[in-house]
Amino acid sequence: MSASSLCLYRPLITALFFSRRRLISSSLSSGLPLVRVWSYSSSHSSNRPTPPPAIVEKMEEQTIGVAKVDTLKQKMELLGILCNDSCVPGRYTNLLCPKCNGGPSMERSLSVHIVQKGDLAMWRCFRTDCSWGDQVYIDGRAAHNEVKKIVQFSGQMTEESLRLEPPGEKITAYFSERMISDETLRRNAVMQRSGDKDIIAFTYKRNGLLVGCKFRSIEKRYWKAKGSENTLYGIDDINDAAEIIIVEGEIDKLSVEEAGFCNCVSVPDGAPGKSSNKLPPVEKDTRYQYLWSCKQHLDKVSRIILATDNDKPGQALARDIALRLGTHRCWQVRWPKKDESSYYKDANEVLRHMGPDALRKVIENAKPY
């Protein structure tokens, strides 16, 4: 078993061990009948009394439930939510929101709820200028009836609520012209809006959950679904990556994947008009909140390849990202010449005119920033 595997599995095993110890003490305080403590000596094993079946069944159920809750808490910790002992199934707990840090007063504005069965946890920040909400499942199963009611009440974004459907012929043909395959569209859950054959829907997901959607007409008009989280496009693709690629648009992210790199994310809002050499406080750095909200993912990365557009706004974006993430770990792509007087602008242009192998070599030959 590798070291990374041990890191993944050990917390679960440790949590389960201590959970069993807590269960014994909690069963004593909860009114369950007291039982004798049995010796585990082999010489007396045949004479050990057997605990009543009701008690054994109850303790096994509680052990499984605690293990599930511990797993949910670990998933939430990956998103910056630090649960305490008050986070138990069936209750609402107020914690510090990792997105807004509770504002100037640092209030505990994040309401966290774990459903009674321990299968799902959900949360919502009640500060109006944040309103961050999301949920994590213990596995990929559909929600129970009680969970569905809570999800509907909290306004959880779904493909159904956004009226999304798989892309039709017009949109797949549009991407085909740009050398992006149907397989890449499916892997990245690129869809279209139901009834609108020329409206592309780029779905933003975190931990497999839909947290945002950016619409794009074929005529290049953009808008976001209400309540979309400000995060990187493709964030789940860099969960365990030591090296990542950052591009300026969703189509460029798909293009880089055609060149063989899945460890790529796109900024959600394009490039700024100009760059600033001064780094503002995190709470005032509104344009780049998508970087700070993904800090836990980005902190683990040792090498960042900046593949932004080859124009002034694209260069400004590269400078701003390098300033925030550290120039010491940033590399920059140099887009090749198109002709004697111009260069290719972005990843998709290189893919279309030079092919996936050429795009891969350009990325591999990135220079230190």
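The table below lists the values:
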{"read-out": "Qualifying residue in the stretch 191-204 (condition: in contact (Cβ under 8 Å) with a residue 60 or more places away in the chain and within 13 Å of L164 (Cβ to Cβ))", "value": "yes"}
{"read-out": "Selection count, the stretch 205-227, where residues are in contact (Cβ under 8 Å) with a residue 40 or more places away in the chain, surrounded by fewer than 18 Cβ atoms within 10 Å (Cβ to Cβ) and part of a loop (DSSP other than H, G, I, E, B)", "value": "4"}
{"read-out": "Some residue of the stretch 280-295 being under 30 Å from D134 (Cα atoms), among the aliphatic types (A, V, I, L, M) and modelled with pLDDT under 95", "value": "yes"}
{"read-out": "Residues satisfying the stated conditions in the stretch 271-299, i.e. in a loop (DSSP other than H, G, I, E, B) and open to solvent by less than 20 Å² (accessible area, probe 1.4 Å)", "value": "P272, D285, C294"}
{"read-out": "Selection from the stretch 238-256 of residues that are in contact with an Asp or Glu (Cβ under 9 Å, 6 or more places away or on another chain) and either hydrophobic (A, V, I, L, M, F, W, C) or open to solvent by 20 Å² or more (accessible area, probe 1.4 Å) (or both)", "value": "I244, V247, E248, I251"}
{"read-out": "Residue among C125, C130 that is in contact with a Cys (Cβ under 7 Å, 6 or more places away or on another chain), at pLDDT below 85 and either on the phi > 0 side of the Ramachandran plot or not aliphatic (A, V, I, L, M) (or both)", "value": "C130"}
{"read-out": "Test: residue in the stretch 351-369 that is in a helix (DSSP H, G or I), small (G, A, S), in contact (Cβ under 8 Å) with a residue 12 or more places away in the chain and in contact with a Leu (Cβ under 9 Å, 6 or more places away or on another chain)", "value": "yes"}
{"read-out": "The lone exception for A173 - which of (1) among the small types (G, A, S); (2) in a strand (DSSP E or B); (3) modelled with pLDDT of 95 or more it fails", "value": "(2)"}
{"read-out": "Complete set of residues in the stretch 167-181 that are in contact with a Ser or Thr (Cβ under 9 Å, 6 or more places away or on another chain) and open to solvent by 80 Å² or more (accessible area, probe 1.4 Å)", "value": "M179"}
{"read-out": "Some residue of the stretch 314-333 being assigned to a helix (DSSP H, G or I), without any contact (Cβ under 8 Å) to a residue 40 or more places away in the chain, open to solvent by 10 Å² or more (accessible area, probe 1.4 Å) and basic (K, R)", "value": "yes"}
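To keep it simple, each residue is scored yes or no on (1) of a type in the set (G, A, S); (2) more than 25 Å from I238 (Cα to Cα); (3) at pLDDT below 80; (4) open to solvent by 50 Å² or more (accessible area, probe 1.4 Å).
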| residue | (1), (2), (3), (4) |
| --- | --- |
| P53 | no, yes, yes, yes |
| K58 | no, yes, yes, yes |
| V69 | no, yes, no, no |
| K73 | no, no, no, no |
| M76 | no, no, no, no |
| N84 | no, yes, no, yes |
| C97 | no, no, no, no |
| N101 | no, no, no, yes |
| S105 | yes, yes, yes, yes |
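The values are calculated or read from the model by the stated rules, or taken from the named source; none is laboratory data. What you see is a predicted model; the values in this text were computed from it and never measured. With ideal geometry, Cβ positions are generated from the backbone for all residues, glycine too; neighbour counts draw on all protein chains shown. Please note that ligands, DNA and RNA were not included when accessible areas were found on the heavy atoms of the full protein model with its side chains. Shrake-Rupley method; radii C 1.70, N 1.55, O 1.52, S 1.80 Å.
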